[in-house]
Amino acid sequence: MKSAANWIKSAGFGLGALAAGAVFAVTPAPAKAQGTLTVLCGVQEEWCKAIAVAFEKKSGIAVAMSRKSAGEALAQIRAEAANPKTDVWWGGPGDPHLQAAEEGLTLAYESPQYKELQPWAQSQYKQSQGRSIGIYAGALGFTYNTELLGKRKIQAPKCWADLLRPEFKDEIQVANPNASGTAYTALATLVQIFGEEKAFDYLKKLNENVNQYTKSGSAPAAAVARSETLVGIIFMHDGINQKINGFPVDVSAPCEGTGYEIGSVSIIKGSKNLDAAKAFYEFSLSPEGQATGAETKQFQMPSNRKAAVPPEAPNLEEIRLIDYNFQKYGTAEERKRLLSRWDAEIKSVAR
Amino acid sequence: MRPRSAIWLALGWVGFALLPWFAGSGTQPALAPPSPGPAGSALIDGLTNGRWWLLPIALPLLLALAVTALPGLRARRPAVLLASGAFGLAWITVQGFAIGLDGWASGWLGALFGPLALGQGGFGAGAALTALSFLFLMTNGFAGLGFMKGDRFTAGAIGLVLAAIAAFVFLPVGYVLSGAGDTGSGGFSAAALGARLAAPDIWRLSCLTEAKSCGVVWNSVFLAVMTGIATTLLGLAFALVAVRTGFRAKKLLRVLTVLPIITPPFVISLAVILLFGRNGTVTLAMSDWFGLPASRWIYGLPGVLLTQTLAFTPISFLVMIGVVQGIGPSLEEAAQTLRASRWITFRTVTWPLMRPGVANAFLISFIESLADFGNPLILGGNFEVLSTKIYFAVVGAQNDPGRAAALGIILLCLCLGAFWVQRQWLGKKSYATVGGKGDNGIPSQLPRGIKIAAYATALPWAAFTFVLYGLILFGGFTENWGRNNSLTLRHYLAAFDLSWGPGGLIWSGRAWGSLFTTIEVAALSAPLTAAVGLLTAYLLVRQSFKGRGAFEFLTMLSFAIPGTVIGISYILAFNQPPIELTGTITILIICFVFRNMPVSIRAGVAAMSQIDRSLDECSLTLGAGSVQTIRRVILPLLRPAIVASLVYSFVRAITSISAVIFLVSPKYELATAYIVGRVEQGDFGLAIAYSSALIVLMSVVIALIQFAVGERRIGRRAATPVTLQEKPV
């Protein structure tokens, strides 16, 4: 036994040296060069890349851009709060931006371009006490598979009420509002259109027709595109995206009115590149910066009134937008209450 | 003084007096006076910059130097080394946590000691080296006092593994789990913790009595047990076919079983949807030919079970094949000489000897299934499991990290339970069959029934895997998979285009950046993982020390926690001093090493428990040096384990997504994170093309690893039929 352990002892130094080598190997490289702007991006990757390149060309400031879903971005910003590594959070639904503002994770900043913006973009600014502002808007709507509808000779859904029709039994997908901001917007929209009691009655009936509560907000759009389901409740630009990709889908806006998201931008409190962050913020509000969206086939409504509206974008003027109360439905308490009720009354009876 | 302690002590002085104590930009926070540059060591910084708290580190170093240099103090040496190592380590840790970027890290420290004018950055090379030196001085002291049978290597190795686990598993996980009792306003309450742990949507059993969904724990456990059983049986069947039958296309079989493990996430799920989804190829064929109505059965338990079985069977196979290969035929021959039938031999000799493999394979699959995130995400439908629930508790609309922590605790307890059951089943028996005695037999043929069962399980599964992969590879060349199947090279060009510019070759494809980072991270983390894992396995199998069971459990901890939780916990723990790693490539490498280490440990434990200790002793008795013994006896016998851990950790570093989604930074983007982005966007073509390229790349690397490490040859078990006729010696 003694002899067996002997070689190991001699190996001890070798392994120890290996460990020491490993320490050097993993000792952090110097942090990134000064002056690189770090941006968390909440829209599709092409757009992220396009605006980063456009900004670099214009300002000469290098941008490091990383795509994160809204929830992931918020979780990361929260976790980093003591020593932020991110400078700007650009894109993604306005709700989590409001939450970040409420928790004091972002910085108040007044832009000279404020007056050029659409009223909904300004309202995001006011509600966040200046810590966030709208850069685009996307309306909630339906997407449907035209091929399957044609085959079964079913009328495309045009209203919330249409979704309760028996021919849509087991054919509707919407995300789980506990997981997805898109679905929470839908829930809050229905509560604002019908009143809370009637909205939950509606959701209970809708539950009969829903085959799956997906986890990601844009998943129903992909499922409709692949003919896995007939109808999805989504942000309309996600549906248009699938259409551009060559799938047999189309979108419609509900006739009773619909809610919307305000894609927003915020500067992170404690940013170490504040001037660059402000420059990016301004660029993303300018018509030039907002044009990068349409260039990469992203069809949200830009927030700057001078920005060109892409012809494919769902025209917000033709859609009956409700006067969405972000103030009320954005607060943590209201959110928690509605979600708990949804969990208790809808989710627990879902198959 | 033994030279090893002296060398460690010297390295400690180098780290303290010569190397930069802080890392990167952390050296000069805004409040600091000008320092002699980023290369400032603790000694210089402490003397000239007013960071007085660094100076006491010299005390234990001086003390250790005194006992090392003065012969008169020899008798006290171990105790003094132990004390100074422990004090040095403790001081470095305490000052690191107490003083942050802008002075005291918590308010009460400031109230106690008065305000502090400066702060400090994260640990750098100097701090790391000095801490390591203290660690080994301490363990040498322990060994000198007679602990661990006085064996310095064992003491040092245990110290190293424990310290690493403490820093890179406990610390981050502790940050997350301490949130379980969080009241929302920063306080802690047992009532909040109790309420979260007992929530009805976790535990309810309503699916048994009425048409409602069951609690998420029951879903997870049921899925994990089913996956564990399915993958273990399949892995066993493949291992038996590959080792114990005359099956001709063994190589092909191995390749096929390893394919799913080298597949980036989402791709299998995507392929399964395109085959079995309501509009899938198979589904449509079934409804055309047999009139079966198209349904969405794939969304939910069946789909997740199918994809998890596809994904984890290879891991189970990798563990099983090492064990099946290692079973010495002498025992089986003895049984047959005593006129036992093939079946009785299998049941009473072969099967019991395979039990460590079966148990380890089941444990790994069970835990992998509990922690799996990608497959339930895509195919779960309304079937909820713990891992997705935890993810959405963190990033979902409710944003309740406390709930995520409570669910994380439950998940940990499940893994602990599985681990305990495994230990009970294996018991304290010995499974050593590779001994120094004459071991020249040929493995007995399998009983007929088992053989048929193994073939019947393995071959259809292999065929299924083959079809799936054919489809995936084909999908990369189609215009729009599933809709427009005309062939194109468009996606490959978009990802991997090269062009010539004025400055030479331009990597103009969109995938190159993330591909290079991915390869770098995987290549750096794989050998580290294998080294740490096999070292730990050696400690677990070959050494007996107090608390070995607890130690074994601790090493499994990082595996049991879902990747998402690990990711969040790494940001919480490593974003600020003392250990500041976010945004670097280091954090990715460390994350992979500690996440993949358990598989390496399991493979090492399974292989090593078969090797009799007498072999090491024998080699030494015959006059071989220790290095020669390791090189020519131990390592060759561990080859399957080495291959398994290298392959697994390399591949996992390329294909895993959930742990790193929070850790990738714009500068260090990984391939999977990029691919998932493409899938979300609905751009399946590029995602599949990129995935196919990764699959080809990993196949090449696996072949290289296999070639470099080589096969283990025991007795004549890999013998050719010609030598079969020779007389056994």
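The values are calculated or read from the model by the stated rules, or taken from the named source; none is laboratory data. Note that the coordinates shown come from a computational prediction; the quantities given were computed from them, not determined experimentally. Neighbour counts are summed over all protein chains in view; Cβ atoms, including those assigned to glycine, are modelled from backbone coordinates with ideal geometry. The protein model used for the area step is the full one, side chains on, heavy atoms only, and it has no ligands, DNA or RNA in it. Shrake-Rupley method; radii C 1.70, N 1.55, O 1.52, S 1.80 Å.
When segment B:567-577 is examined, which residues are found to be under 16 Å from B:Gly174 (Cα atoms) and more than 7 Å from chain A (Cβ to nearest Cβ)?
Answer for segment B:567-577, where residues must be under 16 Å from B:Gly174 (Cα atoms) and more than 7 Å from chain A (Cβ to nearest Cβ): B:Gly567, B:Ser569, B:Tyr570, B:Ala573, B:Phe574.
Among A:Ile172, A:Ile135, which is modelled with pLDDT of 90 or more and closer than 15 Å to A:Ile262 by Cα?
Result: A:Ile135 is the single residue among A:Ile172, A:Ile135 that is modelled with pLDDT of 90 or more and closer than 15 Å to A:Ile262 by Cα.
Can you give me the number of residues within segment B:651-693 that are farther than 14 Å from B:Val267 by Cβ, of a type outside the set (Gly, Ala, Ser), modelled with pLDDT of 75 or more and not in a loop (DSSP other than H, G, I, E, B)?
Residues that pass the stated criteria total 1.
Could you tell me which residue of segment A:153-183 is farthest from A:Tyr202 (Cα to Cα), considering only residues that are within 14 Å of chain B (Cβ to nearest Cβ) and of a type in the set (A, V, I, L, M)?
Within segment A:153-183, the match that is farthest from A:Tyr202 (Cα to Cα) is A:Ala179.
Can we say A:Ser180 is in contact (Cβ under 8 Å) with a residue 40 or more places away in the chain and under 30 Å from A:Trp89 (Cβ atoms)?
It is false that A:Ser180 is in contact (Cβ under 8 Å) with a residue 40 or more places away in the chain and under 30 Å from A:Trp89 (Cβ atoms).
Quick check: is even one residue across segment B:603-616 at the interface with chain A (Cβ under 9 Å from one of its Cβ atoms) and buried (at least 24 other Cβ atoms within 10 Å of the Cβ)?
yes
Being open to solvent by less than 40 Å² (accessible area, probe 1.4 Å) and within 19 Å of B:Leu112 (Cβ to Cβ) is the filter here, so list the residues in segment B:72-101 that pass it.
Correct list: B:Gln95, B:Gly96, B:Ala98, B:Ile99, B:Gly100.
Taking B:Leu275, is it over 25 Å from B:Arg652 (Cα atoms) and either out of contact with any Lys or Arg (no Cβ under 9 Å at 6 or more places or on another chain) or among the aliphatic types (A, V, I, L, M) (or both)?
Yes; evaluated as a whole, the condition is true for this residue.
Among the residues that make up segment A:123-146, is at least one of them outside the structural domain of A:Glu282 (by TED's automatic domain parsing) and surrounded by fewer than 20 Cβ atoms within 10 Å (Cβ to Cβ)?
Yes: one or more hits.
Being at pLDDT 80 or above and open to solvent by 30 Å² or more (accessible area, probe 1.4 Å) is the filter; apply it to segment A:298-321 and report the residue that is farthest from the chain's Cα centre (by Cα).
A:Lys306
Check whether at least one residue in segment B:214-231 is open to solvent by 30 Å² or more (accessible area, probe 1.4 Å) and among the aromatic types (Phe, Trp, Tyr), and report yes or no.
Checking segment B:214-231: at least one residue is open to solvent by 30 Å² or more (accessible area, probe 1.4 Å) and among the aromatic types (Phe, Trp, Tyr).
Of the residues that make up segment B:298-305, is at least one among the small types (Gly, Ala, Ser), touching a residue at least 60 places away in the same chain (Cβ under 8 Å) and open to solvent by 10 Å² or more (accessible area, probe 1.4 Å)?
no
Conditions (1) in contact with a helix residue (DSSP H, G or I) (Cβ under 7 Å, 6 or more places away or on another chain); (2) modelled with pLDDT of 80 or more; (3) among the acidic types (Asp, Glu); (4) loosely packed, with under 14 Cβ neighbours inside 10 Å, marked per residue:
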residue: B:Pro460; (1), (2), (3), (4): no, yes, no, yes
residue: B:Phe466; (1), (2), (3), (4): yes, yes, no, no
residue: B:Tyr469; (1), (2), (3), (4): yes, yes, no, no
residue: B:Gly513; (1), (2), (3), (4): no, no, no, no
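Condition (residue is charged (D, E, K, R), in the same structural domain as B:Val593 (by TED's automatic domain parsing) and within 30 Å of A:Ala64 (Cβ to Cβ)) applied to segment B:509-517: is it met by at least one residue?
Within segment B:509-517, one or more residues are charged (D, E, K, R), in the same structural domain as B:Val593 (by TED's automatic domain parsing) and within 30 Å of A:Ala64 (Cβ to Cβ).
Among the listed residues A:Ala279, A:Ala294, identify the single one that is over 28 Å from B:Ile390 (Cβ atoms), at pLDDT 90 or above, assigned by TED's automatic domain parsing to the domain that holds A:Pro112 and surrounded by fewer than 22 Cβ atoms within 10 Å (Cβ to Cβ).
Going through A:Ala279, A:Ala294 in turn, the sole match is A:Ala279.
Table: residues versus (1) under 25 Å from A:Arg152 (Cα atoms); (2) surrounded by fewer than 21 Cβ atoms within 10 Å (Cβ to Cβ); (3) within 14 Å of chain B (Cβ to nearest Cβ).
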residue: A:Leu190; (1), (2), (3): no, no, no
residue: A:Lys243; (1), (2), (3): yes, yes, yes
residue: A:Ser266; (1), (2), (3): no, no, no
residue: A:Lys269; (1), (2), (3): no, yes, no
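Being open to solvent by 10 Å² or more (accessible area, probe 1.4 Å) and farther than 21 Å from B:Arg510 by Cβ is the filter here; which residues of segment B:648-662 pass it?
B:Phe650, B:Arg652, B:Ser656, B:Ser658
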